[in-house]
Amino acid sequence: MSEFKNRVVIVTGAGRGIGRSHAIEFAKRGAKVLVNDSGGAVDGTGSGNTAQSVVNEIKSMGGIAVANTASVAVEESAMHIVNDALEHFGTVDIVVNNAGILRDKTFTNVTMENFKAVLDVHLMGSVYVTKAAWPVMIQNGWGRVVFTSSGSGIFGNFGQSNYASAKMSVIGLMNVLKLEGLRKGIRVNTLAPGAITRMTRDLGDPARVGKPDHVSPAVLYLCSEGGPNGIILQAANGRFSIIKVCVTDGIDLGEEVDYESFTRHIDNLLSDDSLRQPGKN
């Protein structure tokens, strides 16, 4: 029997692309899936019921799913997503925060309205949905949360200051929740996917290759019984890798430090020779 049998899974932004693939793969393995998508355009405007089409697809395969069209970017609506799962399925075991929009402009040209709109969906949407599900997971003593980051945020991509800011922010959120959830049986991880989707096909990013279903095995692993806690898992085109934050040994100038002595040791400071993970020898 699949370890996901009867698990209740919320996947946001699951009406198309990577989110749709996640929802279908969970459902194939016996999970009960709440498919959330507001059905809007890539920039988040408009609405529709793309979620229902994915639900219909899952049901045609014999799976169990319900549709939800609430926006993750509004706290009350995000709570409705979780409440819908509770009403239909009685609990929430897994939350995959996948919903996203794009409003790309250079930093010179981006408006604060468009900057905030992207943060509201990617960052605050992840906060709102996870916050609503968190008490249920604590009560159950088991839970899995996945945030969705991006190479654009971790490494940068021209013209995406708003998107990149949001995508790095969820890593900071993960770093705290992996600690706070540990004793509660909740594991929190981050996916950094790459695939050709409606959102990404015009970005010209060479890392964005492959199909959405090449990514979903990574999410299943992150949400599994023996899954990890607090990792950034990159997945694209059938290739999987772990992204880690590292530090160097640095330089120690003692108490007698000034700008001139600091600059004399710049080469040592900038060297990668002693690169390591924090807290590890």
- Query: Under the condition of being assigned to a loop (DSSP other than H, G, I, E, B) and open to solvent by 10 Å² or more (accessible area, probe 1.4 Å), which residue from the stretch 82-101 is farthest from Phe147 (Cα to Cα)?
  - Reply: Gly90
- What residue, of Gly153, Gly194, is on the phi < 0 side of the Ramachandran plot, free of Cβ contacts under 8 Å to residues at least 40 places away in the same chain and crowded, with 20+ Cβ neighbours inside 10 Å? Gly153
- Among the residues of the stretch 206-220, count how many are open to solvent by less than 70 Å² (accessible area, probe 1.4 Å) and either modelled with pLDDT under 75 or part of a loop (DSSP other than H, G, I, E, B) (or both). 5
- Task: Identify, by number, the condition in (1) out of contact with any Ser or Thr (no Cβ under 6 Å at 6 or more places or on another chain); (2) surrounded by fewer than 24 Cβ atoms within 10 Å (Cβ to Cβ) that Gly125 doesn't meet.
- Result: (2)
- Residue list for the stretch 248-279, filter: open to solvent by 60 Å² or more (accessible area, probe 1.4 Å) and not in a loop (DSSP other than H, G, I, E, B): Tyr259, Glu260, Phe262, Arg264, Asp267, Asn268, Leu270, Arg276
- Message: Quick check on this structure: which one of Ser47, Ser53, Ser71 is more than 30 Å from Glu225 (Cβ to Cβ), modelled with pLDDT of 95 or more, more than 19 Å from the chain's Cα centre (by Cα) and polar (S, T, N, Q)?
- Response: Ser53
- Message: Going by what's in this entry, would Gln160 be described as open to solvent by 40 Å² or more (accessible area, probe 1.4 Å) and either at pLDDT 95 or above or in contact with a Ser or Thr (Cβ under 7 Å, 6 or more places away or on another chain) (or both)?
- Response: no
- What single numbered condition from (1) crowded, with 16+ Cβ neighbours inside 10 Å; (2) assigned to a helix (DSSP H, G or I); (3) over 22 Å from the mean Cα position of the chain (by Cα) fails to hold for Ile138? (3)
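The values are calculated or read from the model by the stated rules, or taken from the named source; none is laboratory data. Everything quoted here is computed from the prediction, not taken from an experiment. No Cβ is skipped: glycine too gets one built from the backbone with ideal geometry, and neighbour counts run over all protein chains shown. In case anyone asks, the SASA skips ligands and DNA or RNA and just uses the protein heavy atoms, side chains included. Shrake-Rupley method; radii C 1.70, N 1.55, O 1.52, S 1.80 Å.
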